[in-house]
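The values are calculated or read from the model by the stated rules, or taken from the named source; none is laboratory data. What you see is a predicted model, and the numbers here were worked out from it, not measured in a lab. Glycine gets a Cβ as well: all are built from the backbone with ideal geometry, and neighbour counts include every protein chain shown. Keep in mind that these areas ignore ligands, DNA and RNA; they rest on the heavy atoms of the full protein, side chains included. Shrake-Rupley method; radii C 1.70, N 1.55, O 1.52, S 1.80 Å.
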Amino acid sequence: MLKTPAYAAQSAQSPLAPFTIERREPGPQDVLIDILYCGVCHSDIHQVRDEWGGAVFPMVPGHEIIGSVAQVGSAVTKWRLGDTVGIGCFVDSCRECEACHAGEEQFCEKGTSFTYNSREQDGKTPTYGGYSTRITVDESYVLRIPSGIPLDRAAPLLCAGITTYSPLRHYGVRAGDQVAVVGLGGLGHMGVKLAKAMGAQVTVLSHSPNKRDDALNLGADAFVATRDAAAFTEYAGRFHFILDTVSALHDYNAYLNLLRRDGTMVLVGMPEPTLLAAAPLIMRRRRLAGSLIGGIRETQEMLDFCAEHDVAADVEVIPIEQINAAYERMLRSDVKYRFVIDIQRL
Ligand code: NAP
Ligand code: ZN
Ligand code: ZN
């Protein structure tokens, strides 16, 4: 076993603090990756605080991992020493079910092995994420980071990027479509950049009026402050597609009314449950859907799309000692627009 420095939470009430984990020695199909950067996702907060239930402690969060290949197993064919690679939200799956065969490993019917707060395919061994100096992963669950994307700015693509790219693609958003992105955080700012790169007309709906200039600088065509109730009348029936990235409780019904006939709203933010009314869906045959990250193939497609279209995250790079303060700032919607931990300083 490889002793590995990390940051962990010991319970839902405790802050993150230094901790040592053990990584497995690379088997024939494995690569050992020295971690360079790890993005900080709001899901890290939900999970360390056990807001979704069933949390596994001690927990080492982090699923936006950029690193360098440090060792390869004897049967590895895809990777060489020194390759710059990424690990996203999962590290394994059964490889046999319908979802795995379809390349949608995030929906594995046997149970996806998520990067942390989860179990390996043996159903026992806990997984630990990227707030640590290295990780051992099967070569098939590793992504290639195209040259040209700065590595700190590439890290958030592994979750925030794919989570927003996948529904835009799945629902066929096209050039000229009216797209709204609700919530300008880590996911939201990637949603704006990706929807723009696909040629859509993008409007940001935000509960933080002070984000107007940033939204426009990120490429949005319009900004709507949702604290002003009149906005919901003015923009009623406007959008083909709404991507809702909000991490806190809010009224979905109000946003559904902003869709035009046959429009689709996709939830990617995952706050606590709330009530849904039938009428806003019925009245214009609107659709409400959810989406979970994306499979390995689509994540690679997204990374290559970002390299081609010069898309990367806007980041604040922090030393890991600031992680607890960073969580507090994220809860106040105060981050431009993703924290990324410089793991080389751990
Ligand atoms: P984030 O950076 O904290 O951004 C969330 C944004 O939500 C904030 O910037 C804020 O935008 C808005 N918001 C926060 N509190 C609000 C409130 N009380 N009322 C209205 N809006 C509020 O979080 P993130 O990392 O982007 O993650 C967002 C959500 O997506 C989380 O729930 C996370 O768990 C989930 N997630 C889902 C997936 C998936 O696969 N489905 C993947 C990753 C993350 P404004 O200031 O502009 O209003
Ligand atoms: Zn995430
Ligand atoms: Zn499977």
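Any residue in segment 160-178 that is more than 27 Å from ILE87 (Cα to Cα) sitting within a Cβ distance under 7 Å of a residue that is modelled with pLDDT under 95 and within 14 Å of ligand 1 (Cβ to nearest atom)? List the pairs, counting only those 6 or more apart or interchain.
Pairs that qualify, where the first residue is more than 27 Å from ILE87 (Cα to Cα) and the partner is modelled with pLDDT under 95 and within 14 Å of ligand 1 (Cβ to nearest atom): there are none.
Inspect all residues belonging to segment 277-290 and state whether any of them is under 22 Å from GLY186 (Cβ atoms), within 16 Å of ligand 1 (Cβ to nearest atom) and of a type outside the set (D, E, K, R). Quick ask: steps written out before the conclusion?
At the first step, the residues of segment 277-290 found to be under 22 Å from GLY186 (Cβ atoms) are 289-290.
With the extra rule that they be within 16 Å of ligand 1 (Cβ to nearest atom), the set shrinks to 289-290.
Cutting the leftovers down to of a type outside the set (D, E, K, R) gives us 289-290.
So far as segment 277-290 goes, yes, one or more of its residues are under 22 Å from GLY186 (Cβ atoms), within 16 Å of ligand 1 (Cβ to nearest atom) and of a type outside the set (D, E, K, R).
How many residues does segment 42-72 contain that are aromatic (Phe, Trp, Tyr) and within 14 Å of ligand 2 (Cβ to nearest atom)? So that I can check it myself, show each step before the final result.
First, pick out the residues of segment 42-72 that are aromatic (Phe, Trp, Tyr): 52, 57.
With the extra rule that they be within 14 Å of ligand 2 (Cβ to nearest atom), the set shrinks to 52.
Here the count works out to 1.
Do we find that GLY269 is in contact with a Ser or Thr (Cβ under 8 Å, 6 or more places away or on another chain), part of a helix (DSSP H, G or I), crowded, with 16+ Cβ neighbours inside 10 Å and of a type in the set (Gly, Ala, Ser) in this structure? Don't jump to the end; show me each part of the working.
Details: in contact with a Ser or Thr (Cβ under 8 Å, 6 or more places away or on another chain): yes; part of a helix (DSSP H, G or I): no; crowded, with 16+ Cβ neighbours inside 10 Å: yes; of a type in the set (Gly, Ala, Ser): yes.
When the stated conditions are applied, GLY269 does not pass them.
Does segment 297-316 hold any residues that are more than 16 Å from ligand 2 (Cβ to nearest atom) and surrounded by 15 or more Cβ atoms within 10 Å (Cβ to Cβ), and which are they? So that I can check it myself, show each step before the final result.
The first filter runs over segment 297-316 and keeps only residues more than 16 Å from ligand 2 (Cβ to nearest atom), leaving 297, 300-301, 304-312, 314, 316.
GLN300, GLU301, PHE305, CYS306, ALA307, VAL311, ALA312, ASP314, GLU316, listed by residue number.
Please go through segment 84-107 and give me each residue that is under 20 Å from ILE135 (Cβ atoms), of a type outside the set (Ser, Thr, Tyr) and more than 16 Å from ligand 2 (Cβ to nearest atom), ordered by number. Talk me through it step by step, then tell me what you get.
Step one: list which residues in segment 84-107 are under 20 Å from ILE135 (Cβ atoms), which gives 84-93, 95, 105-106.
Retained after the next criterion (residues that are of a type outside the set (Ser, Thr, Tyr)): 85-92, 95, 105-106.
Result: VAL85, ASP92, ARG95.
Search segment 230-249 for residues being within 13 Å of ligand 1 (Cβ to nearest atom) and open to solvent by less than 30 Å² (accessible area, probe 1.4 Å), and hand back the single one that is nearest to ALA160 (Cα to Cα).
So the first thing to find is which residues in segment 230-249 are within 13 Å of ligand 1 (Cβ to nearest atom), and the list is 231, 243-249.
Applying the additional criterion that residues be open to solvent by less than 30 Å² (accessible area, probe 1.4 Å) yields 231, 243-245.
Details: ALA231: 27, LEU243: 12, ASP244: 13, THR245: 10 Å.
Only one residue tops the list, namely THR245.
Please determine, by comparing only the residues of segment 81-91 that are assigned to a strand (DSSP E or B) and under 13 Å from VAL31 (Cα atoms), which one is most open to solvent (accessible area, probe 1.4 Å). Give the steps one after another, and end with the answer.
Pass one, segment 81-91, residues assigned to a strand (DSSP E or B): 84-87, 90-91.
Now narrow it down to the ones that are under 13 Å from VAL31 (Cα atoms): 84-87, 91.
Working: THR84: 49, VAL85: 1, GLY86: 0, ILE87: 2, VAL91: 14 Å².
This residue is THR84.
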